[in-house]
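Working notes, structure below.
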Amino acid sequence: MYRVLYRKWRPKVFADVIGQPQVTRTLSSQVKENRLSHAYLFTGSRGTGKTTCAKIFSKAVNCLAPVNGDPCNECELCRGIDSGSVLDIVEIDAASNRSIDDIRLLKDEVNFTPSQAKYRVYIIDEVHMLTIEAFNALLKTLEEPPEHVKFILATTEVHKLPSTILSRCQRFDFRRIEPQDIAERLKYVAGEEGAQLSHEAAMLIARIADGGMRDALSLLDRCISVSNTVDVDIVSSSAGLMGREHIYGLIKAIASGDTAKCLMILDELHKGSCDTERLISELIDRFRSFLIVKTVHSPENLLVCTATELNEIRQISDLFPKETVLYALNILTSATEAMRKTQNRRIEAEMALIRLTRPETDESAAALGVRIAQLEKEIEMLKRGVLKASPVQTVPSEMPVMREIPKREEKSESFPAPKEAPISDEAPPFDEAPPFDETPPFDETPPFDEAPPFDEAPPFDEAPPFDEAPPFDEVPSFGETPNSEFRTPDSNNSSLGEFKGFSTEGSSSTFGAMFAAGGEDDDDEPFDFESFVKMHEGNHKKEETEAVPERREVFENKYESSFEESIPETAAAGSIDRTTWGKIVYETEHLFPPLIGQLTGSVARIEGGTIYITLADKNLKIFVKEQMLGKFVTQAAASILGKEYKIKLD
């Protein structure tokens with residue numbers, strides 16, 4: 001009669017037990033020295049040799065001629081125990097004999113002396129299945145049994161045993177058998193059975209067995225039934241695994257986010273009768289390999305695979321960031337748990353694949369981490385591409401754009417424009433302005449002396465409405481003025497109103513005031529703004545500044561007078577008088593020329609440690625930033641008032 005391999009090749013001595021030296025060495029030593037305990041507890045995962053060691057131990061303690069702690073397997077008792085004819089060795093399945101009545105019957109039997117053997121041995125398998133009442137009934141007998149009784153308890157879930165049971169037994173932990181040890185044992189058994197087993201196939205069986213020799217021998221038995229020459233393909237088909245091409249194709253589809261391809265591969269495997277739960281388990285095993293490769297320097301010590309498979313795992317693992325691998329393991333593990341609670345496992349597998357390929361459908365924190373990791377990977381790839389394309393022309397990200405604004409030095413030699421003069425927001429950009437040679441000659445434009453004097457201008461209520469006035473961009477800006485000298489009607493009594501196109505109230509520029517203040521002096525020389533700036537900064541030369549102080553005095557007087565005309569009287573508490581505020585405004589515009597004209601017509605008041613500024617034109621608040629204004633007004637106010645204030649816009 002045919003016997004399955006795991007029963008036929010069950011070890012008969014401690015030396016034949018694979019992968020448990022910490023247990024077999026101790027038990028054989030106790031038998032050899034006759035230092036036997038009354039109760040033993042064997043714990044470990046399935047197929048690691050618990051029941052086998054219990055049977056060998058029961059033969060060894062009763063053997064008539066033991067050999068170095070092992071049974072001889074030749075005497076009458078050894079042969080009787082193997083055949084089951086010796087009734088003093090009792091095996092109890094606690095899963096079916098778990099009640100208190102079964103334990104009471106056992107307590108009655110232990111009082112009888114052995115009929116044939118030296119000791120009556122009770123092997124209680126899956127002891128964790130006993131009820132609490134049964135455990136309590138067994139306590140006293142387990143603690144002080146008769147001299148001729150030995151108990152061996154075996155379990156895969158030791159955490160379910162009461163501590164009172166654990167404290168009365170000698171505990172032996174059985175480890176998972178190493179894959180290399182399982183493979184060597186399988187090749188030996190296959191050779192004895194007349195079959196050929198390749199090393200790759202043996203390693204695959206060992207990996208599927210997950211440390212259990214019984215499962216490995218059962219799978220080998222199925223493979224030999226198919227063919228005497230066992231290779232990887234036969235093992236995969238016998239174990240219900242899909243081919244390596246399918247599993248790696250599915251993983252690559254997950255990496256590329258191709259949901260449709262993943263579902264098509266799953267459908268193909270489902271039609272081929274592939275076990276869906278086994279498929280998810282295989283994916284878990286692969287992603288675990290990716291995680292180990294990304295984490296450990298020597299993954300070959302933790303992975304059961306050949307060198308070729310390890311290289312393949314390394315290459316595919318580069319497609320996934322570590323966050324994605326962890327997320328995939330979490331999703332697949334949850335899917336495995338859900339499959340055990342539902343009848344349609346395919347739906348759970350499809351849901352898991354959709355979550356893996358589309359993390360945006362998952363609102364968990366882990367999915368968000370995966371999306372961030374993908375963005376970081378794409379940014380890194382873009383950076384590498386930019387660096388490879390133009391490694392020299394890269395611009396630092398912290399460089400402000402204002403430093404790359406059009407050049408301002410290309411101006412006329414006879415009338416240089418100020419380097420830091422502001423440009424109106426409505427003026428066309430520099431690159432769109434017409435070239436210098438296309439500008440109409442100066443004689444074609446009406447001279448300034450033909451403009452009507454200020455007192456002859458029509459009153460405000462008679463002025464044309466705003467929509468009928470010419471737009472601002474039709475008035476030539478300072479930077480676009482043709483190369484010619486400005487002429488004023490009266491250089492001694494010129495005022496801001498005498499310049500066409502400039503005024504003090506509501507104006508967005510004070511260039512007219514500067515020209516009026518710096519008009520023709522005694523030697524009919526035009527106002528040199530560059531010299532004035534250099535004088536104020538202390539960088540000019542002495543021989544170039546003989547006439548500048550006089551111009552500065554005239555400039556300050558005119559500037560203050562313009563503010564005296566434009567700033568209205570105010571009776572608000574804490575308000576700053578016109579003269580003082582005019583000096584602060586002048587100093588502010590000198591510190592930061594782009595602010596020239598922005599504070600024209602404004603008023604200010606002091607409340608506590610803050611200066612509140614009310615602009616004449618409320619629309620200017622859109623263009624004037626409070627942070628920029630506060631920096632320079634604070635400096636100007638500190639120099640005029642001798643105290644620093646915070647700045648706020650009303």
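The values are calculated or read from the model by the stated rules, or taken from the named source; none is laboratory data. Remember, predicted model here, so these are calculated numbers, not experimental data. Every residue, glycine as well, gets a Cβ built from its backbone with ideal geometry; the counts of neighbours run over all protein chains shown. Note: accessible area is taken over every heavy atom of the protein model, side chains too, but ligands, DNA and RNA are not part of it. Shrake-Rupley method; radii C 1.70, N 1.55, O 1.52, S 1.80 Å.
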What's the ranking of 603-609, 592-598 by average number of surrounding C-beta atoms within 10 Å, highest first?
592-598, 603-609
Under the Karplus curve 6.51 cos²θ - 1.76 cosθ + 1.60, θ = phi - 60°, whole-Hz ³J(HN,Hα) for the range 642-647, x wherever Gly or Pro sits:
x, 8, 8, 10, 7, 10
Residue 78 neighbourhood, Cβ < 9 Å, K/R = +1, D/E = -1, net charge 0
In the range 62-112 the accessible area split gives carbon plus sulfur, as whole percent at 1.4 Å, a share of 49 percent
So, R0 is 25 Å and r is the distance between the beta-carbons of residue 300 and residue 46; what FRET efficiency does that work out to, to 0.05?
0.40
How big is Rg to Rh over the range 54-120, alpha-carbon atoms, Rh as the Kirkwood inverse-mean-distance radius?
1.04
Cα shape, the range 4-156, gyration tensor, a/c 1.5 rule:
prolate
Rounded to the nearest 0.05, FRET efficiency between residue 218 and residue 322 (Cβ-Cβ, R0 45 Å) equals 0.80
Let me spell out the model: positive unit charges on the Cβ of Lys and Arg, negative unit charges on the Cβ of Asp and Glu, origin at the Cα centre of the range 1-82. What dipole size does that give, in debye rounded to 20?
340 debye
Label-to-label distance, nm, for residues given as residue 140 and residue 74 (7 Å Cα→Cβ offset)
4.6 nm
Protein accessible area in the range 263-347, 1.4 Å probe - carbon and sulfur %
49 percent
Once the other residues with Cβ under 15 Å from the Cβ of residue 48 are scored (Lys, Arg +1; Asp, Glu -1), what is the net sum?
0
Going from most exposed to least, what order do 246, 159 have by accessible area with a 1.4 Å probe?
159, 246
What ranking, highest mean first, results for peptides 134-141, 346-353, 362-369 when packing means the other Cβ atoms within 10 Å averaged over each residue?
346-353, 134-141, 362-369
Once R0 is set to 25 Å, what does the formula 1/(1 + (r/R0)^6) return for the Cβ-Cβ distance between residue 3 and residue 228, expressed as a FRET efficiency to the nearest 0.05?
0.85
List, in the order given, every pair from 107/341; 252/341; 261/341; 59/187; 50/322; 383/631 whose Cα-Cα distance in the structure shown is over 32 Å.
107/341; 50/322; 383/631
Residue 167 and residue 111 label points (each 7 Å along its Cα→Cβ direction) are spaced in nm at 2.7 nm
Distance (nanometres) between label positions extended 7 Å along Cα→Cβ at residue 315 and residue 634
6.2 nm
Using the heavy atoms of the protein chains alone and a 1.4 angstrom probe, what is the accessible area of the range 110-204 per residue in square angstrom?
50 Å²
Among 118-128, 631-641, how do they line up by average Cβ neighbours within 10 Å per residue, starting with the highest?
118-128, 631-641
Average accessible surface area per residue within the range 250-391, 1.4 Å rolling probe, Å²
59 Å²
For the range 193-246, give the percent of accessible area contributed by carbon and sulfur heavy atoms, probe 1.4 Å, rounded to a whole number.
45 percent
